[in-house]
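Taking it in order: structure first as structure tokens, then the write-up.
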Amino acid sequence: MKAFLVDLNKCVGCYDCQIGCKDEHCGNCWMPYAESQPDTGQFWLHLYETEHGARPHVKVSYVPVMCQHCENAPCIKAAKDDAVYQREDGLVIIDPEKAKGQKQIVDACPYKAIFWNEELEIPQKCTGCAHLIDRGHPISVPRCVDNCHLDAIQFGEESELDLADTERLKPEFGLKTRVYYRGLPKRFVAGKVYDPEIEEVVTGATVTAKSPSGSWTVKTDAFGDFWLRNLPEEELELTIHGGGKSYKGNVSTKEKSIGMGNIALK
């Protein structure tokens, strides 16, 4: 079975994958796999750029999201007359002719990776560039893969890809997908620790976050900054000790990562 491997540790947010997808499918009809993608309104591969934290403790993540080519895909179940099918190599394909008028196929995708072409009245999405894979020359991989100059997106036999330390997107959906991610953004808490009496940052302070699922500890750096990374989405108790002073408070990462700004020790 074919699969994608997206290594976000290599991604710099250049948008080459998204641009390559548009270039391959806008104005090009690749039947029987896909009609032309509209110039606007659809991204069969969408690079999601998200800011996490708060100034000055901010990180930006870039996550390319395309059809996840699920095994037992919900869109296949929602389609009538076999309008959506899975090839022997695992790629999920919407038949443009059979799927005409079947807008329920769009609504079936929990990843929001299927789009409605109002003009043609058909659902459309990433095909894994099946036309390139079948042709095999001069490009034999999806355009997003070919366009990525940092090798952040790979495509090949699932059994031959290095899938160590990878995850599936939105595992809570309970779907076995064939797009694997390495380095998906996790929650963090960050801040700068200082002593208000002497108006100086506190270096080497011990910062600890505790929750029902565990404990995480770091030291402040030479600038008084700390980054508690890879945290669960929970309510956390935060304690800081340094220079004979301390701080204690609560913070929540349930909704987002937290940039706390300046934190005074007392």
Check Leu5: other-chain or 5+ apart residues with amide H under 5 Å from its amide H, H built from backbone geometry? Gln154, Phe155, Tyr180
Taking a straight Cα-to-Cα line shorter than 16 Å from Lys248, and setting aside same-chain aspartates and glutamates fewer than 8 residues away, one finds Asp195, Glu235, Glu237
Taking 7 Å along the Cα-to-C-beta vector as the label spot, tell me the Glu172-Glu118 distance in nanometres, rounded to one decimal. 3.2
Using Cα-Cα distances under 8 Å and only pairs 6 or more residues apart, what relative contact order does the chain have, in percent? 20
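How high is the relative contact order of the range 1-140, in percent, counting Cα pairs under 8 Å that sit 6 or more residues apart?
21
Have a look at the DSSP beta bridges in the chain and tell me what percent are antiparallel, nearest 5. All intermediate terms of the calculation are to be shown ahead of the outcome.
On the way: 51 of 61 bridges.
About 85 percent, rounded to the nearest 5.
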Between Asp39 and His149, how high is the FRET efficiency from 1/(1 + (r/R0)^6) when r is the Cβ-Cβ distance and R₀ = 35 Å? Nearest 0.05. 0.90
Restricting attention to the range 40-123, which GluC sites (Glu not before Pro) occupy a DSSP loop and are surrounded by at most 14 other Cβ atoms within 10 Å? Glu88, Glu97, Glu118, Glu119, Glu121
Quick check: residue separation of Glu51 and Lys256 times 0.36 nm, minus the Cα distance between them. What number comes out in nm? 72.8 nm
Hey, with R₀ at 45 Å, roughly what FRET efficiency would Asp162 and Glu199 work out to, going by the Cβ-Cβ distance, to 0.05? 0.35
What are the chymotrypsin sites (Phe, Trp or Tyr not before Pro) within the range 162-266 that DSSP puts in a loop, where the Cβ has at most 15 other Cβ atoms within 10 Å? Phe223
Given charges at beta-carbon only (K, R positive; D, E negative), |dipole| of the range 187-264 in Debye: 240
Where does the chain land at 222 nm, in deg cm²/dmol rounded to the nearest 500, when only DSSP H runs of n ≥ 4 count, each adding -39500 (n - 2.57), divided by all residues? -2500 deg cm²/dmol
If I measure Cβ to Cβ between cysteines in the chain, which ones have no partner under 4.7 Å? Cys11, Cys14, Cys21, Cys26, Cys29, Cys70, Cys75, Cys109, Cys129, Cys148
Loop-resident trypsin sites (Lys or Arg not before Pro) in the range 1-63 with no more than 14 other Cβ atoms inside 10 Å, DSSP not H/G/I/E/B, are Lys10
Over the range 2-182: Kirkwood hydrodynamic radius from C-alpha pairwise inverse distances, Å: 16.8
Which value, to two decimals, describes the C-alpha radius of gyration of the range 45-106 once divided by 2.2 N^0.38 Å? 1.62
Taking amide H positions as placed 1.01 Å from N in the peptide plane, with prolines and chain starts having none, which residues 5 or more places from Gly191, or on another chain, fall under 5 Å of its amide H? Phe226, Met260
Report the label-to-label distance for His241 and Asn9 in nanometres (one decimal), using points 7 Å from each Cα along the Cα→Cβ vector. 3.3
Report ³J(HN,Hα) in whole Hz for each residue of the range 191-208, in order, from the Karplus equation J = 6.51 cos²θ - 1.76 cosθ + 1.60 where θ = phi - 60°; Gly and Pro get x. x, 10, 9, 9, 9, x, 6, 9, 6, 9, 6, 9, 8, x, 5, 8, 10, 10
For a 27 Å ceiling on Cα separation, which of these pairs sit above it: Lys10/Lys256; Lys103/Lys254; Lys2/Lys98; Lys80/Lys176? Lys103/Lys254
For the range 187-264, what does the convex hull of the Cα positions come to per residue, in cubic angstrom? 73
Using only Cα atoms, tell me the angle between helix 16-25 and the longest principal axis of the chain; keep it within 0 to 90° and round to the nearest 10. 20
Whole-Hz couplings from phi, Karplus 6.51/-1.76/1.60, listed for the range 215-222; x for Gly and Pro: 9, 9, 9, 9, 10, 6, 8, 5
From largest to smallest, what semi-axes in whole angstrom does the range 1-69 give when each is the square root of 5 times an eigenvalue of its alpha carbon gyration tensor? 28, 15, 9
So how long is each side of the range 107-183 along the principal axes, counting just the alpha-carbon atoms, biggest first, in Å? 40, 38, 21
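Read the figures in this text as sums done on the coordinates, not as results from a lab. Note that this is a predicted model, so its numbers are computed, not measured. So basically every Cβ, Gly included, is an ideal-geometry build from the backbone, and we count neighbours across all protein chains shown.
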